[in-house]
Amino acid sequence: MAQQLSDKRMKEIFGVDVFMGDVFANESMKDHTTLRIGGPADIYVMTKNMLSLKNLLIALKDEGIPVMPVGGGSNLLVSDEGIQGAVISTGILNHIETIEESVDEVRLFVEAGAPLQKLVNLAKAQGYRGIEGLAGIPGFMGGALWGNAGSFGQEIGDIVESVTVIDIRGNVFSIDRDNLGFGYRRSTMPEGMIVLSANVRLKKDDPREVAKRVGDFLQEKLRKQPISQFSAGCVFKNPPGAHAGRLIDEAGCKGMRRGDVEVSSLHANFFVNRGSGMASDFLGLMEEVRGRVSKAFGVELEPEIKIVGRFGSAANR
Ligand SMILES: Cc1cc2nc3c(=O)[nH]c(=O)nc-3n(C[C@H](O)[C@H](O)[C@H](O)COP(=O)(O)OP(=O)(O)OC[C@H]3O[C@@H](n4cnc5c(N)ncnc54)[C@H](O)[C@@H]3O)c2cc1C
């Protein structure tokens, strides 16, 4: 049962003098993931400002409590046993601001908790080109940067100049794009760092053209993806030269089911939770699908979703 900790209790536990935010013990991760799957986080924190985040990180480190940042929870499979330590949401840091503008370019400061679609919508309204393909991707800027979210040939890393992060010791510093190692659905963001913000650069274009492209991409997604069902997006990465969804489909996996988790019949690389799905069902289905694709095509699919929590050897974080 989730329980909100009082400021007094926070001070007792962590010795944090200056802290503004909401802290919950045993908070169900079902309520913080688009899959609606996952056991409780020992502690779930929403900090209201940077100083509180910094103080909290220092205190958690001193106590030896592990930390995991979370954004919109739209790329996560959380264990049924939950997450050990503190899950930290940057959702309150969601500001977007123009830093500099020229005739044909704009530079923006985007905080980690800003929904990716807030940025896409701003670009659409102002006629900024470069992220139309990201239309419809849920989640926040921090999560998008961590996994270099992308679609229709565009990736968030393409527009990044630098990212500001905080480490578990509370040190804040900036990392240039060249040192972020953006690749297909990945960055080399150091483990344990929390992204605070990014500086991005976009080209100016005709707002009507940008809006049309955003609209077209969105329509295509609505047509091809089970948007109205609980999912975490694509389960597997596309192997070189192939589409994971097509391989899964051709291996005869559409509609396969474990408990309440099902391979979508609309898009085979989306597994949907029909209501009471469990992480164990999801993992079991992933293994079965991987096995079938491996047998049919000799291709070993790799997860795109982040599997987190108390999974033992299956966890990748
Ligand atoms: C319907 C649907 C469609 C989707 N379509 C796409 C698509 O087209 N393309 C695509 O790339 N993805 C897609 N996704 C997956 C997902 O939306 C993206 O990967 C998204 O960018 C994840 O952001 P998030 O904030 O939800 O991250 P989360 O799921 O919260 O976290 C993902 C990872 O990022 C880390 N993280 C989060 N915030 C921070 C931070 N501030 N600092 C450091 N690390 C952080 C987490 O620890 C975790 O490891 C889709 C998902 C759904 C449900």
* Meets criteria (assigned by TED's automatic domain parsing to the domain that holds Asn171 and either away from the ligand (no atom under 11 Å from the Cβ) or buried (at least 22 other Cβ atoms within 10 Å of the Cβ) (or both)) for Val70 -> no
* Structure fact -> From the option list Gly192, Gly142, single residue qualifying as at pLDDT below 95, open to solvent by less than 30 Å² (accessible area, probe 1.4 Å), among the small types (Gly, Ala, Ser) and within 13 Å of the ligand (Cβ to nearest atom) is Gly192
* Structure fact -> Selection from segment 255-282 of residues of a type in the set (A, V, I, L, M) and under 20 Å from Lys306 (Cα atoms) yields Val261, Val263, Ala268, Val272, Met278, Ala279
* Is it true that Val195 is of a type in the set (Val, Ile, Thr), under 21 Å from Gly73 (Cα atoms) and not assigned by TED's automatic domain parsing to the domain that holds Asp104? -> no
* Of all the strands (runs of 3 or more DSSP E) wholly in segment 38-111, which have at least 1 residues that are modelled with pLDDT of 90 or more, under 22 Å from Pro190 (Cβ atoms) and out of contact with any helix residue (DSSP H, G or I) (no Cβ under 7 Å at 6 or more places or on another chain)? -> 67-70, 76-78, 83-89, 105-111
* Mind checking which strands (runs of 3 or more DSSP E) fall wholly inside segment 240-317 and carry at least 3 residues that are surrounded by 14 or more Cβ atoms within 10 Å (Cβ to Cβ) and of a type in the set (Val, Ile, Thr)? => none
* Assess whether Ile227 counts as being assigned to a strand (DSSP E or B) and either surrounded by fewer than 22 Cβ atoms within 10 Å (Cβ to Cβ) or within 13 Å of the ligand (Cβ to nearest atom) (or both). => no
* Structure fact -> When (1) buried (at least 18 other Cβ atoms within 10 Å of the Cβ); (2) in contact with a helix residue (DSSP H, G or I) (Cβ under 7 Å, 6 or more places away or on another chain); (3) touching a residue at least 60 places away in the same chain (Cβ under 8 Å) are applied to Lys237, the one that fails is (1)
* Structure fact -> Given the conditions (1) farther than 17 Å from Phe152 by Cα; (2) open to solvent by less than 20 Å² (accessible area, probe 1.4 Å); (3) modelled with pLDDT of 95 or more; (4) more than 14 Å from the ligand (Cβ to nearest atom), every one holds for Val210 apart from (1)
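The values are calculated or read from the model by the stated rules, or taken from the named source; none is laboratory data. All values reported here derive from a predicted model rather than from experimental measurement. All Cβ positions, even for glycine, are placed from backbone atoms using ideal geometry, and neighbour counts span all protein chains on display. We work out accessible area using only protein heavy atoms, side chains counted, and drop any ligands, DNA or RNA first. Shrake-Rupley method; radii C 1.70, N 1.55, O 1.52, S 1.80 Å.
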